Amino acid sequence: MKRNMRLEEHRIEQEPFYMPLGPEVKLAEAAYITGLPILLKGPTGCGKTRFMQYMAWKLDRPLITVSCHDDLSTSDLVGRYLIRAGEAVWTDGPLTLAVRSGAICYLDEIVEARKDTTVVIHPLADDRRELPIEKRGELLVAPPEFMLAVSYNPGYQSVIKDLKPSTRQRFVALAFDYPGADAEAEIVARESGISDSLARSLVKLAAMTRGLKDSGLPEGASTRLLIQAGKLMENGIDVRTACNNAVTEALTDDRELLQAIDEMVSSVF
Amino acid sequence: MNVETLKETFYTLVSPDIPNDWDVEEAVENLASLDEEKCRSALNQVQVIWPVSHSLCFDYLKTVTSALDCFAADNLSEWVNSTLDQYEKQGLRAAQRYMADVEGNFLCPLRGESGVPFKRVHGRLLPYLRGLSGSSLELAPHDVVYTDSSTVYVPHEITLFTDDADNIFFYKLIVTYQWAFIACSSYTVAESAGSNRQGQDSSTEELWLQGFIDSFPDPRLAGDLYHLLETIRVTTFLESELPGLMRRKRSLSDQQQSRGLPLSVTSEPVCRLRDFFHAADNRSADTSLHERCLALAERHRTHARSAMDSARLTRTLYRIMDEEAVEYTPVEPLLYQGVMRLDGVRHARSQRLEQSRELFVDALATLLLQQGQAGSTAVAEQPPEGPGAAPDKEGVAVVVDARQQDALTASDSTVVITIDNEKVQLNDELQRLASSIISDLGYFPEQYVSSAVGRAGKGYAPFPAGANEEGPELTGPVIYDEWDYRRNDFRKKWCNVLEKPIPLTRSSFYPLTLQKYHGQIHRLRYQFELMRTSERFIRRQRDGDDIDLDALIESLADSRAGLAPSDRLFIRLRRDERDIAVLFLVDMSNSTQGWVNEAIKESLVLLCEALEVVGDRYGIYGFSGMRRLRTDFFHIKHLDEPYDELVKQRISSIAPREYTRMGPALRHATTLLDRVDSRLRLLVTLSDGKPEDYDDYKGEYAIEDTRHALIEAKAAGIHPFCITVDRHAQEYIGHMYGSVNYIQIDDVKKLPHRMPEIYRVLTN
Ligand SMILES: Nc1ncnc2c1ncn2[C@@H]1O[C@H](COP(=O)(O)OP(=O)(O)O)[C@@H](O)[C@H]1O
Ligand SMILES: [Mg+2]
């Protein structure tokens, strides 16, 4: 009962807007049917999270998202005993919750988590599809509806944090990248409400910032940043200020790069 | 002071030089009118200038009197310094010009009135240019504005406007226009993809444009017309591409007259056409001629689709001027338009093509080998420069189909290659290279593909280098054993390692690299600074500085639930002192020729810059050699040697030499590190793949010996780590290096960026 209430929050009722950029929807559906986990890789802000929301809606499963970080422990994923009114009560973690109820569990930026944390997903990711809960001496077998999805950004991960081959080879890998100029402009216009021509200019600006890898900017402006800039513009902030705050300053602190991006902004708009 | 005393003082100042008496007299008599104190200040500078240039010193004495009318003696040394700057940058003439206009050149900038030097905008405009172009164009100051399609040359300084923001903007305008000429293929236009695609080596071909212009009786006029028409076309392109920039340009030209700027600064290119008919102005019938040409230019502005349209209109306008007997007085180009230097473009293009051809053939050959297509269709390699190499000679039918996606800018073409009716799936890298080749040549030469087929067929063996001039040895040979896996034992005293100084070469590699990675170095310094000592919290410890609340709560809950509670309940703050010594061992074998060698050197530069900040001890050695009795071990930087000019020069001089006998080099590096006392001792190898020597040191034998040498290093308490630049995953590498001890970099261009990061992670 309680569990179902928690779960309902994770249901996606409305169709999220997602523009497919390749065969990723078909692939993910096939992976779902076959019971294979998926790995989304790509730079930040290029639509991975949105894609998962869309898939969850399409497959009609709840979506449980965990943003991974340094301090994430196995208990944070699997669950722990808590003390309620003097009694120890077991509480499922998000991963366990998803397995029990046949939801989609999405571990965002998996490489941010420590290795000893991520080992718990190994038996879930291979054909056993099971989750041992050591503290309770319980072994959960995932129902067919359960799907595991993880994401990572190959761009700025340090070498050592790269996913272990034994882990990553269990996944069906879907490579994401920023959409092509036309598609990206359409997404930006649609998500932020700005005009098509303004969106195109934003996309042009993004393309320029993405060419700065050799100049000390490992990641250029993402689709998300463009949408944020667009939203500011829609709310009456003038174009230059919006770009400055949503794009330029968000990308770097380096004085010369700031100036360079500023010059790009003033050329494009 | 009278002239006699002045002369005497002068002679003592410049002794032991004894300059000509009249020269001295002529120069110092100018000072006679100055008062004692000013005179002394003026003479004080003689010692500064004389050693730099005697003529400059005499010129100085002739102008200093009038200069001291403009500013106080306190400013004298600054003025002299600026003059010397000019002299060193641009020579005597420039320095004389500089001294002649004290007001404009010295005082205005001193008062902060105007003038932006290149230095001030370089940092922002280089990334701007790279962002625009999405490629690694360079930016450099020069006396004339132009681009050779690899570098954009801009003025040393812009002083046109009183507001520096406008001067900076003007720099940007120049950079943008020069980029646009490249992006719109203004100089690399080719008549049509079909013609002349077989035959001679295309990379050294004349530019089509050069031939076109030279075909006119007055090439100067034809060139100027063409360049102006391209400027018109490019302006339209920029209007749609970068409206913000062009808006500001217009507002500058609106104010042009009120500001009294020369017409060549911001005029619209279309208007500029009028000046071509200047000499004809007096003739009455010419208004209609003007109108006609301007109408053509105006139509060109709105309708031109490609550089070919400009060429066509050049022909038309030239004919009109010829028929109407208009005499052409050369028209000065617009400032942002710069000049057209086709010889420079040709040179840059052929360098670029050479590189991309080599990379393309290499990458395609490897791809073919992997796909197993080469075996059946092997032919002898045909060097692309071979005359008339018919691509389908030995029964290999090669079809290349290049499609341009955007006629306006000629960039982004898609190439489809078919070999013997089978379509080859090109990867991103090959597509990118092909696209760059097409944008340079206007077509894709089929010979490149047949060369790759040939190379794949031959199994692709690297070429042995010719005899290298050898440097003297630093010490006698050091002798090492070598591991023979077949008998599971060492071959005793088998190899000689010779420590040698690296033969030095001169190049601008270092400053160029510093410039190229300027932004990254800046960032690295900051990152590495943070590494000096690191502090971090570690959770769930048995004891520590603070209670780990999460752990405590969990253990309480566990014990309530009847489980054994954990006793790891503390957080501890850990301070890590560095105390790291690292040796970098660089593969200088012949196979690193080209990009790999460049990338390795660039990585070393970045590393040195970063390591200087963090303060780790580091040394650098290169190795290469021939047969077991000579593995050359080149000294670049000893462990505690300071990072100075000489070290930099040695890094610049790293060059591909002979073969890669890894084992002895690793063993020698191990010996060197073994003498060092440090908490962490690292041995980092940078190479491009398989170890291989001229004799039987190859294949499994070489792999096993290398592997064994690494194991020996580990046994000595050294952490070996190998970085290989290799486009393809090689199954043997994991075995040779041990899976955790290496990283493979598939794109050599990434090496400089990843290298410092790898180091950072390794030592953190
Ligand atoms: N293909 C797409 N279809 C629809 N929206 C997209 C698409 N790609 C990106 N977006 C937009 O970009 C934003 C950022 O994407 P997000 O999924 O959060 O990125 P990521 O998870 O990869 O970091 C989304 O909120 C969405 O508005
Ligand atoms: Mg996300």
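Here are some notes:
- In segment A:216-238, residue nearest to residue A:184 (Cα to Cα) [restricted to those that are within 9 Å of chain B (Cβ to nearest Cβ) and surrounded by fewer than 23 Cβ atoms within 10 Å (Cβ to Cβ)]: A:220
- Among helices (runs of 4 or more DSSP H) entirely within segment B:661-764, having at least 3 residues that are at pLDDT 85 or above singles out B:662-674, B:699-715.
- Filter pass, residue A:92 being within 25 Å of residue A:50 (Cα to Cα) and either open to solvent by 30 Å² or more (accessible area, probe 1.4 Å) or more than 16 Å from ligand 2 (Cβ to nearest atom) (or both): no
- Screening residue B:589 against (1) modelled with pLDDT under 90; (2) among the hydroxyl-bearing types (Ser, Thr, Tyr); (3) in contact with a Leu (Cβ under 7 Å, 6 or more places away or on another chain) leaves a single unmet condition, (3).
- Counting only helices (runs of 4 or more DSSP H) that fall entirely inside segment B:42-101 and contain at least 3 residues that are touching a Phe, Trp or Tyr at 6+ places or on another chain (Cβ under 7 Å), the qualifying elements are B:54-70, B:76-100.
- On the stretch given as segment A:182-215, residues that are within 11 Å of chain B (Cβ to nearest Cβ) and of a type outside the set (S, T, N, Q) total 11.
- All conditions in (1) touching a residue at least 40 places away in the same chain (Cβ under 8 Å); (2) open to solvent by 70 Å² or more (accessible area, probe 1.4 Å); (3) more than 11 Å from chain A (Cβ to nearest Cβ) hold for residue B:531, with the sole exception of (2).
- Verdict on residue B:540 being at pLDDT 75 or above, over 28 Å from residue B:721 (Cβ atoms) and within 13 Å of chain A (Cβ to nearest Cβ): yes
- Residue within segment A:37-58 that is open to solvent by 60 Å² or more (accessible area, probe 1.4 Å), in contact with a strand residue (DSSP E or B) (Cβ under 8 Å, 6 or more places away or on another chain), near ligand 1 (Cβ under 10 Å from one of its atoms) and at pLDDT 90 or above present: yes
- Looking across segment B:638-657 at every residue that is open to solvent by less than 20 Å² (accessible area, probe 1.4 Å) and touching a Ser or Thr at 6+ places or on another chain (Cβ under 8 Å), the one that is nearest to residue B:594 (Cα to Cα) is identified as B:657.
- Entry remark, segment A:247-269: residues being part of a helix (DSSP H, G or I), open to solvent by 10 Å² or more (accessible area, probe 1.4 Å) and more than 19 Å from residue B:241 (Cβ to Cβ) number 7 in total.
- Those residues of segment B:658-714 which are open to solvent by 50 Å² or more (accessible area, probe 1.4 Å), charged (D, E, K, R) and over 17 Å from residue B:625 (Cβ atoms), in sequence order: B:674, B:675, B:677, B:679, B:700, B:707, B:712, B:714
- Of the residues making up segment B:571-595, those that are open to solvent by less than 70 Å² (accessible area, probe 1.4 Å), more than 14 Å from chain A (Cβ to nearest Cβ) and not small (Gly, Ala, Ser) number 13.
- Among the residues of segment B:31-41, the ones that are in a helix (DSSP H, G or I) and either open to solvent by 90 Å² or more (accessible area, probe 1.4 Å) or of a type outside the set (Gly, Ala, Ser) (or both) come to 7 in all.
- The set of residues in segment A:106-120 that are outside any loop (DSSP other than H, G, I, E, B) and under 23 Å from residue B:563 (Cβ atoms) comprises A:116, A:117, A:119, A:120.
- Single unsatisfied condition, residue A:100 versus (1) open to solvent by 50 Å² or more (accessible area, probe 1.4 Å); (2) away from ligand 2 (no atom under 15 Å from the Cβ); (3) in a loop (DSSP other than H, G, I, E, B): (3)
- The set of residues from segment B:746-761 being in contact with a strand residue (DSSP E or B) (Cβ under 9 Å, 6 or more places away or on another chain) and at the interface with chain A (Cβ under 8 Å from one of its Cβ atoms) comprises B:754, B:758.
- Selection status of residue A:24, touching a residue at least 12 places away in the same chain (Cβ under 8 Å), more than 24 Å from residue A:131 (Cβ to Cβ) and either among the charged types (D, E, K, R) or within 16 Å of ligand 2 (Cβ to nearest atom) (or both): yes
- Candidates A:232, A:226, A:251, filtered to the one that is closer than 28 Å to residue A:52 by Cβ, free of Cβ contacts under 8 Å to residues at least 60 places away in the same chain and within 16 Å of ligand 2 (Cβ to nearest atom): A:226
- Some residue of segment B:158-167 being surrounded by 23 or more Cβ atoms within 10 Å (Cβ to Cβ), of a type in the set (Gly, Ala, Ser), at pLDDT below 90 and out of contact with any Cys (no Cβ under 7 Å at 6 or more places or on another chain): no
- Extreme residue, modelled with the lowest pLDDT, among residues of segment A:207-223 that are more than 16 Å from ligand 2 (Cβ to nearest atom) and either touching a strand residue (DSSP E or B) at 6+ places or on another chain (Cβ under 8 Å) or not in a loop (DSSP other than H, G, I, E, B) (or both): A:214
- Pairing each residue of segment A:97-114 that is free of Cβ contacts under 8 Å to residues at least 60 places away in the same chain and more than 14 Å from ligand 1 (Cβ to nearest atom) with any residue that is open to solvent by 10 Å² or more (accessible area, probe 1.4 Å) and small (Gly, Ala, Ser), provided the two are 6+ apart or on different chains, yields C-beta distances under 6 Å for A:99/A:142.
- Inter-residue pairs, beta-carbon under 6 Å, first on the phi < 0 side of the Ramachandran plot and within 14 Å of ligand 2 (Cβ to nearest atom) and in segment A:47-74, second part of a helix (DSSP H, G or I) and open to solvent by 30 Å² or more (accessible area, probe 1.4 Å), 6+ apart: A:66/A:94; A:68/A:112; A:69/A:112
- Residue within segment A:71-94 that is under 13 Å from residue A:106 (Cβ atoms), more than 14 Å from every other protein chain (Cβ to nearest Cβ) and part of a loop (DSSP other than H, G, I, E, B) present: no
- Looking only at residues in segment B:543-568 that are within 14 Å of another protein chain (Cβ to nearest Cβ) and under 56 Å from the mean Cα position of the chain (by Cα), the one that is nearest to residue B:673 (Cα to Cα) is B:568.
- Residues satisfying the stated conditions in segment B:486-509, i.e. surrounded by 12 or more Cβ atoms within 10 Å (Cβ to Cβ) and over 45 Å from the mean Cα position of the chain (by Cα): B:490, B:491
- Flag for residue A:49 being in a strand (DSSP E or B) and of a type in the set (Ser, Thr, Tyr): no
The values are calculated or read from the model by the stated rules, or taken from the named source; none is laboratory data. In this text, all values refer to a predicted model and were calculated from it rather than measured experimentally. Cβ coordinates were reconstructed from backbone atoms using ideal geometry, including for glycine residues, and neighbour counts include every protein chain displayed. Heads up: the accessible areas ignore ligands, DNA and RNA and are worked out on the full protein's heavy atoms, side chains in. Shrake-Rupley method; radii C 1.70, N 1.55, O 1.52, S 1.80 Å.
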